[in-house]
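The values are calculated or read from the model by the stated rules, or taken from the named source; none is laboratory data. Small disclaimer: the values here were computed from a predicted structure and weren't measured. Here the Cβ positions follow ideal geometry from the backbone for every residue, glycine too, while neighbour counts run over all protein chains shown. What goes into the accessible areas is simple: the full protein's heavy atoms, side chains included, and nothing from ligands, DNA or RNA. Shrake-Rupley method; radii C 1.70, N 1.55, O 1.52, S 1.80 Å.
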Amino acid sequence: MVVDVPTKDGTADSYLVVPEGGPHPGVLLFEDAFGLRPRLFEMAGRIAERGYAVLAPNILYRGGRCPQFDMADMADPEKRSALFGRIMPNIQQLTAERIAADTESYLDFFAAQPGVSAEQVVVVGYCMGGTNALRAIEAHPSRIKAVATFHAGSLATDEPDSPHLSVGNITGEAYFAHADQDHAMSAEQIEVLEAALDAAGVTYRSELYEGAPHGFTMSDTAMHHEEGEKRHWENLFALLERTR
């Protein structure tokens with residue numbers, strides 16, 4: 001069901017799925033750049049079928065309620081360019097500080113829901129949601145026990161607030177699924193990320209999905225890669241079970 005989560009900067013329209021019974025362990029699901037939509041609802045439901053409560057917040061809520069973008073524009077080259085022109089300013093608003101504050105609001109709301117365990121949650125993110133899922137666990141290691149990112153970009157950059165610089169805050173487990181030849185996460189960036197994780201002693205797995213393009217998990221886009229999506233579900237569910 002759609003719920004509104006109050007934050008310091010406004011209200012994040014969100015999607016909440018809680019199986020009957022409980023309390024169930026929680027999963028925060030961070031969307032890709034195209035926002036909350038039927039595909040994300042479907043993914044949240046699939047996780048919930050395994051016995052997890054899922055909260056998928058609109059982390060781009062500062063740009064308005066979902067749907068913010070028309071996915072049909074992706075099929076037209078001219079409209080696609082304009083679409084990304086509208087998306088990028090919303091993503092750029094998501095500083096590490098804002099993600100930290102927003103995540104606290106999501107966690108507080110989630111823990112207060114009937115049927116949801118008050119224990120630590122797992123955060124899962126796709127595309128830019130993966131980048132911010134990593135920021136979330138770095139900001140709240142006592143409340144988030146694991147993170148999984150899929151085709152996340154810019155995890156290791158030259159910027160002073162690059163996510164890889166704070167991986168030492170992580171006390172739980174991390175899983176990274178990188179798309180092959182991803183413009184947003186190059187082989188060099190992967191090496192920098194893994195070196196930082198190793199130096200910090202983080203328990204993690206970092207894998208390259210060969211042949212999978214950026215966005216490979218999203219079946220409602222041209223980037224969908226069936227084999228990569230299947231592998232993603234296998235690894236995500238394995239992580240959830242290991243940390244349950």
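With every protein chain present, what is the per residue accessible area of the chain (1.4 Å probe, Å²)? It would help to have the intermediate numbers written out before the result.
Working: 10560 Å² over 244 residues.
That works out to 43 Å² per residue.
Nearest-5 percent of antiparallel DSSP beta bridges in the chain? Present the calculation step by step, with values, prior to reporting the outcome.
Values: 11 of 37 bridges.
Antiparallel bridges: around 30 percent, rounded to the nearest 5.
Place a label point 7 angstrom from the Cα of LEU165 along the Cα-to-Cβ direction, then list the residues of segment 89-120 whose backbone nitrogen is under 12 Å away.
Counting backbone N atoms under 12 Å from the label point, the list is 96.
Give the peptides 95-101, 197-203 in descending order of average Cβ contacts within 10 Å, highest first.
Values: 95-101: 15.4, 197-203: 13.9.
Top of the packing list down: 95-101, 197-203.
In nm, to one decimal, how far is the ALA112 label point from the GLU241 one, both placed 7 Å along Cα→Cβ?
3.5 nm
For the chain, give the percent of accessible area contributed by carbon and sulfur heavy atoms, probe 1.4 Å, rounded to a whole number.
Numbers: 5250 of 10560 Å².
On the chain, the fraction of accessible area on carbon and sulfur atoms equals 50 percent.
Over all distinct Cα pairs, what is the inverse of the mean 1/r for segment 1-243, reported as the Kirkwood hydrodynamic radius in Å?
Details: mean 1/r = 0.0562 Å⁻¹.
After inverting the mean inverse Cα-Cα distance, the result is 17.8 Å.
Evaluate the distance, in nm, between pseudo-label points positioned 7 Å from the Cα of ARG65 and of ALA187 along their respective Cα→Cβ axes.
Output for this residue pair reads 4.8 nm.
Which whole-Hz couplings ³J(HN,Hα) result when phi for each residue of segment 235-244 is put into the Karplus expression 6.51 cos²θ - 1.76 cosθ + 1.60, θ = phi - 60°, listed in order with x for Gly and Pro?
Result, rounded to whole Hz: 6, 5, 5, 5, 5, 4, 5, 5, 10, 4.
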